[in-house]
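Data first, discussion second: the structure below is written as structure tokens.
The values are calculated or read from the model by the stated rules, or taken from the named source; none is laboratory data. Fair warning: this is a prediction, and the values are worked out from it, not measured in the lab. All Cβ positions, glycine included, derive from the backbone under ideal geometry; neighbour counts span all protein chains shown. Ligands, DNA and RNA are excluded from the accessible area calculation, which covers all protein heavy atoms including side chains. Shrake-Rupley method; radii C 1.70, N 1.55, O 1.52, S 1.80 Å.
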Amino acid sequence: LKSITANDLVYKLIKNGISVISAHTNLDMAEGGVNDELCNLLQLQDVKGILPDGEVFGARLGRLNTPISADNFAAFLKDKLGGNIKYVGEGDIKTVAVCSGSGGSLLYDLISYKSDAFVTADIKHNVFLDASHLKLALYDCGHFNTEDIIVKPLCKKLNARFGYFYEHHGKEIKTL
């Protein structure tokens, strides 16, 4: 920031001695972060980090216990994440790559990992077309829906560390 005025949120936070932690992409990729929570929610087994970015991984890859059709996997995703699911794909899904938030640009890097499906968000039309040509099921589950899943587990971790209890109600977090 080049300047702060009394009307800015940052000014009000400083004035009231409130610290802010803003984690986004780093929380997505962190061990125990959003991508790991997405794998837990989707009940993936044998999860490993893929697409290394230094010492962290930009995505995860895991397997389902039982193969499932592309259409049934879409219904499963809708049940687990809510919202609208946009997808292309057919055949059975056994291995699943995940990248919370906007991961469409990673599609081409996933080819070497031989996943049957890729779960992410913010997919452009041409990426859906490419996935179809590559015979890879691609699921756009919505940016919010693939990331909001971290709120409850993160609140539990904060509660355990700092002794506060938070409850998640939609978009609002209240201190109880």
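The single condition among (1) assigned to a strand (DSSP E or B); (2) touching a helix residue (DSSP H, G or I) at 6+ places or on another chain (Cβ under 7 Å); (3) crowded, with 19+ Cβ neighbours inside 10 Å that V96 does not satisfy is (2).
Residue-level analysis places L64 outside the set of residues that are more than 12 Å from the chain's Cα centre (by Cα) and outside any strand (DSSP E or B). Before we move on, is I123 open to solvent by less than 30 Å² (accessible area, probe 1.4 Å), touching a strand residue (DSSP E or B) at 6+ places or on another chain (Cβ under 9 Å), β-branched (V, I, T) and at pLDDT 95 or above? For I123, the condition - open to solvent by less than 30 Å² (accessible area, probe 1.4 Å), touching a strand residue (DSSP E or B) at 6+ places or on another chain (Cβ under 9 Å), β-branched (V, I, T) and at pLDDT 95 or above - is met. Evaluating D148 against the criteria (1) open to solvent by 60 Å² or more (accessible area, probe 1.4 Å); (2) among the acidic types (D, E); (3) not in a loop (DSSP other than H, G, I, E, B) leaves one unmet condition, (1). State the number of residues belonging to the stretch 1-42 that are on the phi > 0 side of the Ramachandran plot and surrounded by 12 or more Cβ atoms within 10 Å (Cβ to Cβ). The qualifying residues number 1.
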